Structures are given as structure tokens and as C-alpha cells.
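Heads up, the thing below is written out as C-alpha cells.
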Amino acid sequence: MPEARVTHQQKEDLYQRADGRCEYCKSPAFYAPDPFSVEHIQLRAAGGATELPNLAFSRQGCNNFKHMAITALDPATGNEAPLFHPRRDRWADHFTWSEDMLRIVGLTPAGRTTLSRLQLDRAGVVNLRRLLSTVGEHPPDAE
Ligand SMILES: [Zn+2]
């Protein structure tokens with residue numbers, strides 16, 4: 001039976017693996033006023049283990065919008081599509097930055113669906129990107 005509580009070591013490993021950024025919107029935790037969350041990609045209630053392959057590092061806001069979803073409706077087609085899975089998918093395969101680098105563009109059904117469901121371009125996140133770009137902290141280095 002996996003340990004239910006996320007350990008300090010797991011938090012460290014997650015932070016390192018994510019390069020200190022939300023694995024969805026790419027906001028750096030260093031500039032966040034509140035702690036980031038450790039997300040169970042598959043919910044514990046649905047049998048998801050508290051182990052690194054099922055954990056993601058994310059802003060609390062992104063986590064709140066994702067809530068229990070692992071799929072959602074692709075706004076371009078209206079079809080149900082899987083959300084971006086930070087452990088199985090590469091960010092750059094599903095998302096890119098807009099020309100001004102302030103907004104995320106979804107490249108695939110999973111990218112568009114995740115952008116929409118998690119509201120990755122919500123005002124506070126876009127404003128943070130704008131501010132961070134003036135000090136060279138946005139966009140993040142390419143993976
Ligand atoms: Zn985020």
C-alpha cells in the first residue's frame with residue numbers, strides 16, 4: 001500500500017523535476033505568494049498512488065481548475081480529450097507561447113483542452129508573465 005502523505009523528499013524531487021515551475025502554466029514557484037501544490041494526476045480516490053510517476057507540481061489555481069478532471073472538452077472540436085499529463089507528455093509537444101510570449105497556445109487536443117479547463121491564461125498568470133518578462137524570468141528556458 002503506497003504511503004498516502006507526500007514526503008519532504010518527494011516535494012524536493014518534484015520541485016527539481018519541474019525546474020521550480022508549475023507543470024501546466026510554467027509559472028515559477030519562486031514568485032508565487034502562496035505555496036504550490038502537489039497534485040495527484042490520478043486522484044487518490046480513483047486509486048492514484050502517492051508516488052512520483054503520479055505526482056505533479058502545480059500552482060494551486062491550476063490545480064483548483066483541474067479539480068478531478070483527467071479529460072475535458074476540446075474547445076476547438078467539442079470532443080472529449082485527455083488533459084495534458086505531465087508525466088507522460090512533453091509540454092512543448094502540446095503547447096507553445098503566443099508571439100508576445102504572454103499567452104499559451106494549445107497545439108493538440110490535449111493542449112487546447114488543458115489550456116481551457118485549467119484556464120492557463122487567466123489574468124493573474126498573464127500579468128505575472130508580463131512582469132517576469134521585464135526581468136528576464138519569462139519565458140522559461142525551452143525543455
Ligand atoms: Zn499553473
Discussion item. Among the residues of segment 16-60, what is the count of those that are within 16 Å of the ligand (Cβ to nearest atom) and either under 21 Å from Phe95 (Cβ atoms) or of a type in the set (A, V, I, L, M, F, W, C) (or both)?
Written reply: 27
Discussion item. I need a count of the residues in segment 103-112 that are among the aliphatic types (A, V, I, L, M), more than 14 Å from the ligand (Cβ to nearest atom) and in contact (Cβ under 8 Å) with a residue 12 or more places away in the chain.
Written reply: 2
Worksheet item: Somewhere in segment 60-68, is a residue free of Cβ contacts under 8 Å to residues at least 12 places away in the same chain and in a helix (DSSP H, G or I)?
Response: yes
Response to the item:
Picked from segment 43-57 (must be surrounded by 14 or more Cβ atoms within 10 Å (Cβ to Cβ) and part of a loop (DSSP other than H, G, I, E, B)), the residue modelled with the lowest pLDDT is Leu43
Item to complete: Considering (1) within 20 Å of Asp141 (Cα to Cα); (2) assigned to a loop (DSSP other than H, G, I, E, B), say which one Arg5 fails and leave the rest.
Response: (1)
Response to the item:
Here the qualifying pairs (Cβ atoms under 6 Å; residues six or more apart or on different chains; first in segment 118-137 and closer than 18 Å to Lys66 by Cβ and within 11 Å of the ligand (Cβ to nearest atom); second of a type in the set (Val, Ile, Thr) and modelled with pLDDT of 95 or more) come out as Leu120/Ile104; Asp121/Ile104
Fill in: Pairs, first part of a helix (DSSP H, G or I) in segment 80-102, second surrounded by fewer than 18 Cβ atoms within 10 Å (Cβ to Cβ), C-beta under 8 Å, six or more apart
Trp91/Glu143; Ala92/Ala142; Ala92/Glu143; Asp93/Leu107; Asp93/Thr108; His94/Leu107; His94/Thr108
Fill in: Failed criterion for Leu115 (all others in (1) in a loop (DSSP other than H, G, I, E, B); (2) within 16 Å of the ligand (Cβ to nearest atom); (3) under 19 Å from Ala18 (Cα atoms) hold)
(1)
Practice prompt. Being closer than 18 Å to Ile104 by Cβ and modelled with pLDDT under 95 is the filter; apply it to segment 1-35 and report the residue that is surrounded by the fewest Cβ atoms within 10 Å (Cβ to Cβ).
Written response: Tyr31
Worksheet item: So is Tyr15 under 25 Å from Ala142 (Cβ atoms) and part of a loop (DSSP other than H, G, I, E, B) or not?
Response: no
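The values are calculated or read from the model by the stated rules, or taken from the named source; none is laboratory data. None of the values given here were measured: they were computed from a predicted structure. No Cβ is skipped: glycine too gets one built from the backbone with ideal geometry, and neighbour counts run over all protein chains shown.
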